[in-house]
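One structure is given here, and the rest of the page talks about it.
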Amino acid sequence: MFNKIIFYNVISLKLIFKFIKMDILDTSLEYLKGIGPNRAQLIKKELKIKNFRELLYHLPIRYIDRSKFYYINELTNSKTDVQIKGKIENFYYKNHKNGKRLVATLYDNTGKIDLVWFRGYKWIEKKISINTNYVVFGKLSWFLNSPNIVHPEITSKNKFEKITHAKIFPIYSTNESLISKGINQSILRTSILNLFEKTNYTFKETIPKHIISELRLMSKSNALNKIHFPNKIEEIDEATKRLKFEELFYLQIQLLKKNKINKLKIKGFNFTKVDFLFNTFYNKYLEFKLTDSQKKVIREIRNDMGSGNQMNRLLQGDVGSGKTIVAFFSVLIALDNKFQTCIMAPTEVLSKQHYESLQFFSKKLNINISILTGSTKASEKKIIIKNLFEGKIDIIIGTHALIEEKIKFKNLGLAIIDEQHKFGVAQRSKLWKKNFTPPHMLIMTATPIPRTLAMTAYGDLDISVIDELPKGRLKVKTFLKSDSKRLEVFSFIKKQIKEGRQIYIVYPLIEESKKMDYKDLMDGYDSISREFPLPHYKLSILHGKMKSDEKKIEMNRFISGETQIMVATTVIEVGVNIPNASVMIIESAEKFGLSQLHQLRGRVGRGRFQSYCILVSGEKKSNEAKIRLETMRNSNDGFEIADVDLRLRGPGNIMGTEQSGILNLKIADLINDNTLLKKAREFASEILNEDPELNNIKNIEIKNTYKSITMNKNIWNYIG
Ligand code: ADP
Ligand code: MG
């Protein structure tokens, strides 16, 4: 009777699924044979697995080889995992001062071994019976010269043979609480096996046939079967690869769709003209030859702004790669189409520098440029606001001050943001809202992140990369020095100053211990003043506690060459461009992150002189710090450095929490599976270019899968 009800239930469940097109994988775990409501509850609580799908994707964390069987008289005196076939002779309880235990004696033709349980024995007692064939597996131990296994896995021989004829067994993550309640590896394994039986070992294919054959991927069904119950070790890799690809492929489909939807929805100004200003500047006033990378990026920007849709482009380029001139060409396109531009930078120093660069570039072009920062006088600000609104200013450069409500434009056509990661997405969108039609957005960053990661993390942006430095640049030479070699460093500085160069000496600035850092900086400043006394040497100092006009004065003294040494905290990090500075000394370099070190080093090597970066550190450093310093010494390539950084810190930490959600992949790994990620990106974009709405019948599975991902907001709630 009871069986019948279950039977009907199963039949009707299947029918219901068929009618409402529900997926059997959505079935609650309690309906799986061998699980039931109590175990389902426990598994849900401990492993967060609620339904068939989640169990199916509870992938093994490792495997053990169960191809080898031992005879009992073969067992050696070591504590290894062993597997034995045999029958239970008898079992009994034994009282011990630490509590009761169940002992069962297993025998084969060669000898006997004790199997011992301290916990969960009630359940075992019910399960085992005398004179039945079993396969047991566990860690061998010895007591008074006789072998035993504590808490072995025990499976009836019949069942063992049914389990995939397998030699390699999956091991799943589990915990003490589950094990103590009898939910051990063998139960998990059997449950998954039951799941396979219930689904006929078949799962809906979600990757198009042509990709499967081109990349020689396993089918979905095969991959899921093999990842749980492989016959050979190589199959595990193949199965994993297939599942990783699937995860990355749908991640890319999502991102590219989002990008396309954004583009379709957001109409932008159509800058059809590339006209007088652009051409005049390019032909007459540009003082150097653009690198091929710069040309390529300018072309990309030009296409974007003339497409009728809003441009949303991230421009990545290593420090010194020449992003400013690219920005300037974009500005000229906007101006040729009679639109204004705003350029936002994270600090006053940087804003000022952009202001000066652009003034310099445009000196013969009759362009009206203004700067607006926190320290602009109120009266001046008023005039700027008025002129902006009336369209008398062509380019406005500034800090956050530009986002203020009262800043209004006559016709803002292009917004450029330098050093993206200092601004949040929220600030970006505030700039958008300054117009009814959003301006084109160009976001520039000198923090190189590996391209595939960038594409993934900034899925809503198109990416341009300047991946070469202007010709003739001398590579900055980097040296590591320990504290004790400071005198050598000082004499090197003196030599450089004698040759007319300028020097940065940077101390760390760590938010949590500002006081201490301030002390470090001041102590350092004192000893440097003693070593480099007036009137031979003049020093500047720059730190976060100074008022903004004090900073400006100090900065200008250094820029003008009045001072030779700039002692500073990392406030100078971003963007500062002083071509005569040729030495960057970084004190306590072990305290800096890789991208910061790279940024700081980028402050030198900007002129025609050979430049040097000296990383001074204490004797004691963590391994990670050593790797960072070595990486700096060995590489000048921002992308390579970013890659190491990524490996050290993981994508979440690099991209900030905002993007980490999407980077939370379950099987694939954005760093190690880079090649696969690229492939996934290629295929996804090929498919979407050809069929953006996925309406083509051959893409129907992709469309359905994509739909359920977006509905569930979680890539792992769909695949199956
Ligand atoms: P970043 O990408 O770090 O912002 P900048 O735009 O400040 O770099 O450029 C660094 C320096 O290189 C500037 O002095 C700039 O004028 C110069 N520069 C840019 N492009 C070229 C080029 N193609 N050839 C020579 N010098 C260039
Ligand atoms: Mg710059």
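Across the stretch 347-376, the qualifying residues are those that are within 14 Å of M444 (Cβ to Cβ) and surrounded by 18 or more Cβ atoms within 10 Å (Cβ to Cβ), and the one among them that is farthest from ligand 1 (Cβ to nearest atom) is S351. Within the stretch 55-77, which residues are more than 30 Å from L144 (Cβ to Cβ) and either in a loop (DSSP other than H, G, I, E, B) or at pLDDT 90 or above (or both)? The answer is L55, L56, Y57, H58, L59, P60, I61, S67. In the condition set (1) among the polar types (S, T, N, Q); (2) modelled with pLDDT of 75 or more; (3) closer than 14 Å to Q252 by Cα, N714 is compliant with all but (2). The set of residues in the stretch 317-336 being within 11 Å of ligand 1 (Cβ to nearest atom) and of a type outside the set (A, V, I, L, M, F, W, C) consists of G317, D318, G320, S321, G322, K323, T324. Quick one: count up the residues across the stretch 329-346 that are surrounded by fewer than 22 Cβ atoms within 10 Å (Cβ to Cβ) and assigned to a loop (DSSP other than H, G, I, E, B). So the count comes out to 3. Somewhere in the stretch 442-457, is a residue touching a Phe, Trp or Tyr at 6+ places or on another chain (Cβ under 8 Å), within 16 Å of ligand 1 (Cβ to nearest atom) and modelled with pLDDT of 85 or more? No, the stretch 442-457 contains no residue that is touching a Phe, Trp or Tyr at 6+ places or on another chain (Cβ under 8 Å), within 16 Å of ligand 1 (Cβ to nearest atom) and modelled with pLDDT of 85 or more.
Of the helices (runs of 4 or more DSSP H) lying entirely inside the stretch 584-671, the ones with 2 or more residues being within 29 Å of L350 (Cα to Cα) and modelled with pLDDT under 90 are found at 594-601, 638-655, 657-663. Considering only the stretch 121-132, state which residues are touching a Lys or Arg at 6+ places or on another chain (Cβ under 6 Å) and surrounded by 13 or more Cβ atoms within 10 Å (Cβ to Cβ). Listed by number, the list is empty, since nothing qualifies.
Does the stretch 191-210 hold any residues that are in contact (Cβ under 8 Å) with a residue 60 or more places away in the chain, assigned to a helix (DSSP H, G or I) and crowded, with 19+ Cβ neighbours inside 10 Å, and which are they? Answer for the stretch 191-210, where residues must be in contact (Cβ under 8 Å) with a residue 60 or more places away in the chain, assigned to a helix (DSSP H, G or I) and crowded, with 19+ Cβ neighbours inside 10 Å: S191, I192, L195.
To keep it simple, each residue is scored yes or no on (1) of a type in the set (V, I, T); (2) within 25 Å of L694 (Cβ to Cβ).
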site: K181; (1), (2): no, no
site: T190; (1), (2): yes, no
site: F196; (1), (2): no, no
site: T199; (1), (2): yes, no
site: H210; (1), (2): no, yes
site: S213; (1), (2): no, yes
site: S219; (1), (2): no, yes
site: I233; (1), (2): yes, no
site: Q252; (1), (2): no, yes
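The values are calculated or read from the model by the stated rules, or taken from the named source; none is laboratory data. Please read these numbers as outputs of a predicted model, since none were measured by experiment. Glycine also receives a Cβ, built like all others from the backbone with ideal geometry; neighbour counts cover every protein chain displayed.
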